[in-house]
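Throughout, read-outs are computed from the coordinates displayed, never taken from laboratory work. Values in this document were obtained by computation on a predicted structure and should not be read as measured data. Virtual Cβ from ideal backbone geometry, glycine too; neighbours counted across all protein chains shown.
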Amino acid sequence: MVISSHIFMSTLHHLILIFFISLLGTSSYLQLIKPVSCTKSPIFKCSEVERKALLSFKYNLTDPSGRLSSWVGEDCCNWLGVGCDNNTGNVVKLDLRNPSWFDGFDQYNKSCLGGGNNLIGKIPNSFANLCNLQALQLRGNNINGGITEFVDGLSQCSNSSSEDGNLPSMQEIDLSFNQLNGTIPESIGKLSMLVSLNLNDNQMSGTIPESIGKLSMLVSLNLAHNQMSGTIPESIGKLSMLVSLNLADNQMSGTIPESIGKLSMLVSLNLADNQMSGTIPESIGKLSMLVSLNLAHNQMSGTIPESIGKLSMLVSLNLADNQMSGTIPESIGKLSMLVSLNLADNQMSGTIPESIGKLSMLVSLKLGGENSWEGGKNSWEGVLTEAHFLNLTRLKSLSLYMESSANWKLVLNAKQDWVPPFKLIDLQLRYVRIGPTFPTWLTTQNELNLLLLENAGISDTIPHGLWKSCPNITFWSLSNNKLRGQVPYFEFQPSAYYIDLSFNNLEGPLPLFHSNLRHIHLDNNMFSGPIPKNIGQLLPNLDWLDLSSNSITGRIPHSFGMLKNLSFLILRNNSVSGKLPPLLWKDLQRLLILDLAENNISGNVPSSMQYLRSLEVLSLSQNHLDGEFPSFFRNYSNLQSLDLGRNKFFGKLPTWLGESLPHLLRLRLRSNFFQGDIPQQLCLLSHLQILDLAHNDFSGVIPKCLGSLRSNEHEGYYVDYDYEMLLVSKGIEYGYGQTFFNLVYSIDLSSNNLSGEIPDNITSISELVIMNLSMNHLIGRIPNKIGNLQMLQSLDLSMNELYGPIPQSLSSLNFLSRLNLSFNNLSGKIPNGDQLQTLNDASIYEGNSLLCGLPLSTKCLEDETKHMVPPNGGNRVANENGSAGINSFSFYVSMMAGFIVGFWGVCSTLIIKTSWRQAYFRSFDNLKDKIVVFVMVKIVCLLRKESERN
């Protein structure tokens with residue numbers, strides 16, 4: 001990849017340089033600027049005003065190397081870095097660039113002005129006195145402030161004060177790589193002789209002024225790498241002499257103006273890394289001199305215009321990472337000078353035209369995605385044949401990353417005896433079918449430096465001699481295919497450092513590689529047998545070893561201790577057994593990831609692991625480890641994920657957890673024998689996303705401070721490894737990878753002995769997706785603000801002692817897909833709500849005898865009353881016999897009479913008979929409550945009878 005980039009850039013630079021020289025000629029550009037000299041003029045000396053302005057500037061500089069020691073005397077034209085006009089003696093150029101730019105860091109520092117070609121502060125006001133100044137080059141300093149006063153001053157200079165009255169004004173301004181801020185003033189348009197304006201790599205903001213169109217002599221405009229915003233003004237089309245326009249890496253928006261087509265001299269157009277939108281204007285085809293067009297990383301849409309084929313001088317075309325749609329136009333084949341074509345990461349589709357094969361100068365072709373870990377966004381289809389590559393004799397880099405959803409719609413169908421016309425250095429294909437057999441034409445590519453064939457539909461064995469036929473490859477990736485059989489012996493290749501054979505069907509013992517490999521990925525295969533005991537001697541430079549999800553047996557070799565550079569050790573999901581070796585860990589102090597989960601490892605965690613102070617991920621889950629929580633874990637101050645789940649650890653959690661592990665994002669201690677209270681100090685883990693303490697013996701209350709866990713406030717800690725953690729969601733245990741961790745926030749305290757109430761402020765963790773507090777002894781009510789957990793998808797509060805109504809706010813949880821409130825003491829009506837209606841399963845409310853309403857069969861009293869009483873308040877319309885009103889009136893009279901008789905029948909008995917009254921009070925604490933209950937029961941009975949009668 002490095003070699004191909006070097007060749008491409010070298011070719012491109014030579015082509016642009018040759019073209020630019022042929023376009024302008026050496027003398028044509030110099031004619032724009034009058035000759036200057038840095039030696040003494042035999043006739044003129046510099047003016048006193050200009051000399052004093054320069055001395056004032058020098059006075060404010062530090063000059064450790066004495067670069068400005070020549071700035072003495074009357075004639076400033078003899079001073080270093082000062083250029084004067086040979087005819088008038090006026091200062092026309094000031095060049096204070098560090099002469100030791102390429103002579104090493106020490107020499108560079110010695111030659112610094114003001115601390116580093118490091119001019120500090122604002123552009124001096126005295127510069128406005130240099131009215132004859134033609135070139136100002138202060139590139140690569142720490143100049144700050146704005147340029148408004150400086151430009152305003154220059155724009156007010158009058159040439160009439162000079163002897164001939166016709167001297168040229170400022171022609172070149174180079175203030176790039178400084179700390180300038182502010183805006184470009186409208187007065188810039190008055191510098192009518194300006195040829196080059198270079199303000200790139202500053203902090204300039206604001207918009208490009210319309211007055212920029214008045215700079216009719218401008219050849220180069222570079223405002224890249226600033227914070228410019230707004231649109232490109234239409235007046236840009238008036239810059240008829242413009243050769244190079246670079247506005248890359250700003251915040252420019254809007255569309256590319258049609259007037260861009262008027263820039264007939266334009267050679268290079270770079271608008272990359274902005275927020276440009278709209279379509280590419282058809283007028284782009286009028287830029288017949290264009291050599292480089294870069295619109296990458298914007299929001300451009302629409303199709304590539306057919307007029308693109310008119311750019312016969314185009315060398316580089318980069319439209320990557322936009323929203324371009326449609327197909328590649330056939331006219332692309334007319335770009336006979338094209339060296340680089342990048343259409344990656346768009347929304348393009350259709351077939352790739354055979355006219356691509358006419359691009360005989362093409363060196364780099366990217367039509368899929370730019371990054372292998374992201375995949376591509378285009379969706380090409382059809383068949384690529386030999387015709388697509390017919391004349392691509394110079395092709396060095398071919399990249400086609402397709403989306404997984406493409407499902408091999410694009411096929412590279414070449415004959416087995418095909419000999420490509422190119423010698424690739426970089427070949428990257430993903431989700432492009434080239435199988436099922438291993439392509440034999442690859443053996444002709446003996447100049448390959450990088451080979452990536454992922455998800456290529458190859459279901460074959462790795463050919464013997466493949467490694468030898470491609471001796472220069474440094475990066476091998478054949479992952480996500482169906483490669484079978486054993487891995488052939490890997491011949492020694494001194495340059496190779498990376499090999500990935502993961503997610504295949506390879507089998508047999510672990511392959512032996514050579515001593516220079518640093519990254520080995522053999523995970524998700526069917527390798528068996530032990531890890532070689534001498535692995536430390538075989539691979540002394542190893543940095544990353546992933547053997548997860550195989551059938552590896554035996555113990556962890558002691559020779560791992562020899563791998564001083566090891567950062568990633570992943571043995572997850574195998575059958576590794578025995579104890580953790582006590583001695584090797586002291587020498588693995590660079591280890592960032594240690595994942596030994598889902599094996600058969602037993603015993604204690606050895607104290608020598610205290611030296612793993614760089615650890616960011618430690619996963620020992622699903623083994624047979626035991627002992628108390630290791631005290632030396634407090635040394636792991638960089639730890640982000642700790643998983644000890646499904647082991648035999650016991651004892652109390654230490655209180656230092658929250659203080660000593662400040663970056664912890666995920667803590668999983670599930671299914672152990674931990675006991676005691678959950679420490680309040682756990683709440684100091686303010687970045688915690690996942691807390692899983694389920695299936696232990698924790699007691700006491702849930703800390704009220706858990707509401708302070710605000711996961712969205714973490715500082716973006718990231719581990720470069722897609723490790724897996726098992727989480728219970730919706731009653732099922734899922735394996736979540738790194739990709740989904742930022743989407744999952746979970747608290748699981750189920751199956752413990754916790755008591756007390758659910759803290760109200762737990763509802764302030766608005767990002768919470770999973771909450772499981774089931775199978776404890778929790779009492780009290782469900783928090784009324786449970787509806788604040790708007791992201792909640794799974795809620796389980798079952799098998800507790802909760803009472804009271806279900807909060808109505810629960811019905812506002814639009815993402816809730818699993819709910820379990822069973823076996824509590826909840827009462828009242830089940831709330832209504834669109835999302836709750838989808839959870840139409842009575843079992844989620846089972847064991848709450850006082851609940852009523854759908855989906856339970858028990859109807860609520862208020863629902864029955866509504867069913868009985870007509871909507872018009874009981875004034876029913878008379879039936880044909882006119883008896884409706886009479887029946888209704890009779891019903892209410894009889895109901896009230898029954899109520900009075902029944903009420904006094906019971907009450908009088910209670911008042912008169914002492915024994916009944918004492919028995920009653922022994923059964924109920926409050927006579928008034930009993931009376932109310934009796935009245936309500938009586939009313940229900942009467943209503944039910946009337947309903948049945950009607």
Legend entry - Computed lengthening from Q589 to N87, 0.36 nm per intervening residue step minus Cα-Cα distance: 173.7 nm
Legend entry - Pairwise label distance in nanometres, T437 with S264, each label 7 Å out on the Cα-Cβ vector: 5.8 nm
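Assign one of three labels to the range 170-242, namely rounded, prolate or oblate, based on the Cα gyration tensor with a ≥ b ≥ c the square roots of its eigenvalues; rounded applies when a/c is under 1.5, prolate when it is not and a/b is larger than b/c, and oblate otherwise.
Values: a/c = 1.81, a/b = 1.30, b/c = 1.39.
Because a/c hits 1.5 or more and a/b fails to exceed b/c, the range 170-242 counts as oblate.
Please give the length that would be gained between N446 and I120 if that part of the chain were fully extended, namely 0.36 nm times their separation in residues minus their C-alpha to C-alpha distance (nm, one decimal). Write out the running numbers ahead of the final one.
Values: separation 326, 0.36 × 326 = 117.36 nm, distance 5.31 nm.
Between N446 and I120, full extension yields 112.1 nm more.
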Legend entry - J(HN,Hα) series, the range 767-781, from Karplus relation 6.51 cos²θ - 1.76 cosθ + 1.60, nearest Hz, glycine and proline x: 8, 4, 10, 10, 9, 10, 10, 5, 6, 10, 10, 6, 10, x, 9
Legend entry - Shape parameters for the range 323-477, alpha-carbon atoms, Rg then Dmax in Å: 14.7, 43
Legend entry - Extension gain (nm, one decimal) between K468 and E386, 0.36 nm per residue minus Cα-Cα: 27.0 nm
Legend entry - Amide H contacts under 5 Å for Y401, placed H, 5+ residues apart: L367, G368, G369, R430
Inset, instruction - Sort V219, V91 so that the residue with the fewest other Cβ atoms within 10 Å of its own Cβ comes first and the one with the most comes last. - result: V219, V91
Inset, instruction - Please list the non-local residues whose amide H lies under 5 Å from the amide H of K652, H modeled 1.01 Å from N, same-chain partners needing a gap of 5 or more. - result: Q675
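Classify the range 485-569 from the C-alpha gyration tensor, please: rounded if a/c falls under 1.5, else prolate or oblate depending on whether a/b exceeds b/c. The partial results should precede the final answer.
Values: a/c = 1.58, a/b = 1.18, b/c = 1.34.
Oblate.
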Legend entry - Approximate shape of the range 533-587 as ellipsoid semi-axes (Cα gyration tensor, √5λ), whole Å, largest first: 18, 14, 10
Inset, instruction - Return the long-range amide H neighbours of E757 (sequence gap of 5 or more, or a different chain), with a cut-off of under 5 Å between placed amide H atoms. - result: I779
Legend entry - Loop-located chymotrypsin sites (Phe, Trp or Tyr not before Pro) in the range 379-428 whose Cβ has at most 16 other Cβ within 10 Å (DSSP): W408, W418
Legend entry - Estimated vicinal HN-Hα couplings, Hz - the range 66-74 in sequence order (Karplus 6.51, -1.76, 1.60; Gly, Pro = x): x, 4, 9, 5, 7, 7, 9, x, 8
Inset, instruction - With θ set to phi - 60°, apply the Karplus curve 6.51 cos²θ - 1.76 cosθ + 1.60 along the range 207-223 and write out the HN-Hα couplings as whole Hz, x wherever there is a Gly or Pro. - result: 9, 7, x, 4, 5, 4, x, 7, 7, 5, 9, 5, 9, 9, 10, 10, 10
Legend entry - Spacing of the two label points (7 Å from each Cα toward its C-beta) at K859 and Y489, in nm: 8.5 nm
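Which trypsin sites (Lys or Arg not before Pro) from the range 416-452 combine a DSSP loop assignment with at most 16 other Cβ atoms within 10 Å?
Working: sites: K423, R430, R433; in loops: K423.
Filter output for the range 416-452: K423.
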